[in-house]
Amino acid sequence: MYKKKIIIRSLGLKNWKIVFNAMNEFNFLRKSTTLDEVWFVEHYPVYTQGQIKNKKNIIKVTNIPIENSDRGGQITYHGPGQKLVYFLIDLKRRKIHVRKLIEILQTIVLNTLKKINVIGKIKKEMPGVYIKNKKICSLGLKIKNGYSLHGFSININMDLIPFQNIIPCGNNSIKMVNLSEFASSKKLKNIENILKKQILKEFGKY
């Protein structure tokens, strides 16, 4: 029962720091019987730095706050119009290792894109999902005591200009793109429901 069931919550538009603290509190308080949860959320404009911090990745300082995160990876940007999906999963209970979790998350995104007739690709050397060599989805995870935190973000229809003030993920070759460039607004309205179905399908295997 505890292994198969996942609670999915839609949190709306939230301050990043509030959700960050809530994730850590959830995993700190959870027990062996606590059901896994997946949180859908959008954030007010914020830059977040992963565990790998490099000042050179900040090209221009703006009025957008920069927060330190405990996830893997380097700096990125979050803002309205970007869908974030956070996975609070008991990896030991589901017998999922970190590499497998990354594979599952990428599969969820790839299959979601396929449902709206968009072809996504992955790159072995750079985690995430790409469309025509531009990044549509970024991954960042933290594993603590066998529990996962954070997850992935998908650019749906957001302001991409703030990405110009940083070197996303510490890689100059990465160019960000919105899904709205490849799919109609009608299809995008259903994107969260498609993601939820794919999440339940993939984690139902473990």
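For segment 1-116, max minus min Cα coordinate along each principal axis, in Å, sorted largest first?
The Cα atoms of segment 1-116 stretch 49, 37, 28 Å along the principal axes, largest first.
Treating cross-link reach as a plain straight distance, find the aspartates and glutamates whose alpha-carbon is under 15 Å from the alpha-carbon of Lys124, omitting any fewer than eight places away in the same chain.
Glu103
Quick one: which of Lys17/Lys175; Lys31/Lys175; Lys14/Lys60; Lys95/Lys186; Lys3/Lys144 span more than 29 angstrom between C-alpha atoms?
Flagged as over cut-off: Lys31/Lys175; Lys95/Lys186.
Give a residue-ordered list of calculated ³J(HN,Hα) values for segment 179-196 (Karplus: 6.51 cos²θ - 1.76 cosθ + 1.60, θ = phi - 60°; whole Hz; x for Gly, Pro).
My calculation for segment 179-196 gives 5, 4, 6, 10, 9, 6, 4, 5, 5, 5, 4, 9, 5, 5, 5, 5, 4, 4 Hz in order.
Let me check the size of the chain from its C-alpha atoms; what are the radius of gyration and Dmax in Å?
16.2, 49
Taking the alpha-carbon centroid of each part, what is the distance from segment 67-91 to segment 105-137 in angstrom?
With segment 67-91 and segment 105-137 each reduced to a Cα centre, they are spaced 17 Å.
Please state the charge dipole magnitude for the chain, taken about the Cα centre, from unit charges on C-beta atoms (+1 on K and R, -1 on D and E), reported in debye and rounded to the nearest 20.
Roughly 740 debye for the chain.
Efficiency by 1/(1 + (r/R0)^6): what FRET value for Lys100 and Asn172, r their Cβ-Cβ distance, R0 = 45 Å, to the nearest 0.05?
My answer for the efficiency is 0.90.
For a protection proxy built on the mean count of beta-carbon atoms within 10 angstrom, sort 80-91, 122-133 highest first, please.
Per-residue mean Cβ counts within 10 Å order the peptides as 80-91, 122-133.
What are the ³J(HN,Hα) values, in whole Hz, obtained from phi via the Karplus relation 6.51 cos²θ - 1.76 cosθ + 1.60 with θ = phi - 60°, for each residue of segment 53-58 in sequence order, with x given for Gly and Pro?
Coupling constants for segment 53-58: 10, 9, 4, 5, 6, 9 Hz.
Which of the aspartates and glutamates could be linked to Lys83 by a straight reach, that is with a Cα gap under 14 Å, when you skip same-chain ones fewer than 8 residues away?
In chain and number order, the partners are Glu42, Asp159, Glu192.
Just so you know, all these numbers are worked out from the coordinates, no wet-lab data involved. Just so it is clear, the structure is predicted and the values come from calculations on it, not from any experiment. All Cβ positions, glycine included, derive from the backbone under ideal geometry; neighbour counts span all protein chains shown.
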